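Values in this text are rule-based calculations from the coordinates and carry no lab data. Computed from a predicted model, the values in this text were never measured in an experiment. Counting neighbours? That spans all protein chains shown, and the Cβs are built from the backbone with ideal geometry, glycine included.
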Amino acid sequence: MTPGLIDCHTHLVYGGNRVEEFEKRLCGVSYEDIARTGGGIQSTVQATRAATHEELHTSAAIRAKRLMAEGVTTIEVKSGYGLELRAERRLLEVARDLGTELPVSIKKTFLGLHALPREFAADRQDFVNQVSGPWLETLAAAGLVDAVDAFCENIAFSLAETEILLQAAKQLGLPAHVHAGQLSDMGAAELAAKCGALSADHLEYLSAAGCRSLAAAGTVAVLLPTAYFTLRQTTPPPVARLREAGVALAIATDCNPGSSPCTSILLALNMACTLFGLTPEEALSGATRQAARALGRLDDIGTLEVGKRADIALWRIERPAELCYGMGANPCVGVVHRGKLRGSQPTPPRTPPAHSPR
Ligand code: DI6
Ligand code: FE
């Protein structure tokens, strides 16, 4: 028995897929080049805008159920593939609806700064201001925003642009996450720490100073090994340094169509060990206690303690490390979400059979 697993970084709701880019990358085209030439996030934005509400909902529910089958009881879901107010709202509504329809808890993150949409190509500043002003206010007022996020990267948004969104969120009392150091070190981890963000995510490129700022601020490092694997990156996050500095390490799938088409938290745990050198205990803690911390919910979930919510995963294993050891196996044999055994039917009244069997 473990705490229900927590996937604290996903982009679960989107239209289409990016299998053609997968094939292109295998022929040597880089993720950055695909993004710069209008593919990447932009292509998912087109597919997401074109999709019906029904299509978005159905495909996201399938992905959610795959995560849930592996003992996941809480999923963080980011918007970011709409990039216009109406389309962002739709993504967050689908995320919210999944949480009411399925026995899983959903945390909704407004990833307003993910990519610059084409219609704002000539006016970056206006886009950042819209996102951080009226869009955020509208979505937050509709109860659709638990936190904000920004992709702070050379192919996406600058430190200054990211800070505008983070400050606006702070004004509304909303916590933040930051996509930091996935492809380059721009100082995004320092910014996340400075703004008191709950987490800085990716962190393949992280300086010693960045690491110290995360430690000092208590910002969680969310590591995403399946994205690192998919992009065939070769510089892992500085795990030894993060550990030494006392930074909490969380692990998540980053489930998204481009850099991590992954719906297996157990595979993420496996790769956290094999690719990043975490111990199985650290990896497991990364998808429970530390993931709860990354969502600002350690008071409520992430450990099995009296007074916390009864989110529990049941496994047919002999040692906890087996959860990290296997690839493609799913030893989950039961899940309790909010105290209720998932899939359990109300107990039927005990009436004796009319004719006793022979
Ligand atoms: N970093 C990621 O890994 C995802 N978003 C982000 O900011 C992937 C985005 C994508 O390629 O669709
Ligand atoms: Fe991401």
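Remarks
- Ranked by the mean number of other Cβ atoms within 10 Å of their residues, highest first, the peptides 223-231, 197-205 fall in the order 197-205, 223-231.
- Overall, the chain carries a charge dipole of about 1120 debye about its Cα centre when +1 sits on the Cβ of Lys and Arg and -1 on the Cβ of Asp and Glu, all other atoms neutral.
- A simple rule links phi to the HN-Hα coupling: the Karplus curve 6.51 cos²θ - 1.76 cosθ + 1.60 with θ = phi - 60°, which for segment 313-319 gives 10, 10, 10, 9, 9, 9, 10 Hz, with x for Gly and Pro.
- Proximity of backbone amide H atoms, modeled 1.01 Å from N, is registered between L231 and no other residue at under 5 Å, excluding neighbours fewer than 5 places apart on the same chain.
- Dipole-positive endmost among T230, L206, A217 within segment 158-241 (Cβ charges, Cα centre): A217
- For A287, nonlocal amide neighbours, meaning residues 5 or more places apart or on other chains whose placed amide H falls under 5 Å from its own, are I251.
- Rounded, prolate or oblate (a/c below 1.5 giving rounded, otherwise prolate when a/b exceeds b/c) for segment 1-157 by Cα gyration tensor: oblate
- Taken about its Cα centre, segment 1-132 carries a charge dipole of roughly 120 debye when the Cβ of each Lys and Arg holds +1 and the Cβ of each Asp and Glu holds -1.
- The overall shape of the chain is prolate: from the C-alpha gyration tensor, with semi-axes ordered a ≥ b ≥ c, the ratio a/c is 1.5 or greater and a/b exceeds b/c.
- In summary, the lysines within cross-link reach of K65, defined as a Cα separation below 21 angstrom excluding same-chain residues under 8 places away, comprise K78, K107, K108, K340.
- DSSP-assigned coil residues among trypsin sites (Lys or Arg not before Pro) in segment 174-267, each with at most 16 further Cβ atoms within 10 Å: R232
- Packing-based ranking, highest mean first, of 169-178, 75-84, 106-115, 292-301 given that Cβ atoms within 10 Å are counted: 75-84, 106-115, 292-301, 169-178
- Inter-centroid distance (Cα atoms) of segment 18-58 relative to segment 280-308, Å: 33
- Karplus-derived HN-Hα couplings along segment 86-96 (A = 6.51, B = -1.76, C = 1.60, θ = phi - 60°), whole Hz, x at Gly and Pro: 4, 6, 5, 4, 4, 5, 5, 5, 4, 4, 4
- Centroid-to-centroid separation of segment 145-166 and segment 173-233 [C-alpha atoms, Å]: 12
- Whole-Hz Karplus values for segment 32-39 come out as 5, 5, 4, 5, 5, 9, x, x Hz, taken residue by residue from phi with 6.51 cos²θ - 1.76 cosθ + 1.60 and θ = phi - 60°; glycine and proline positions read x.
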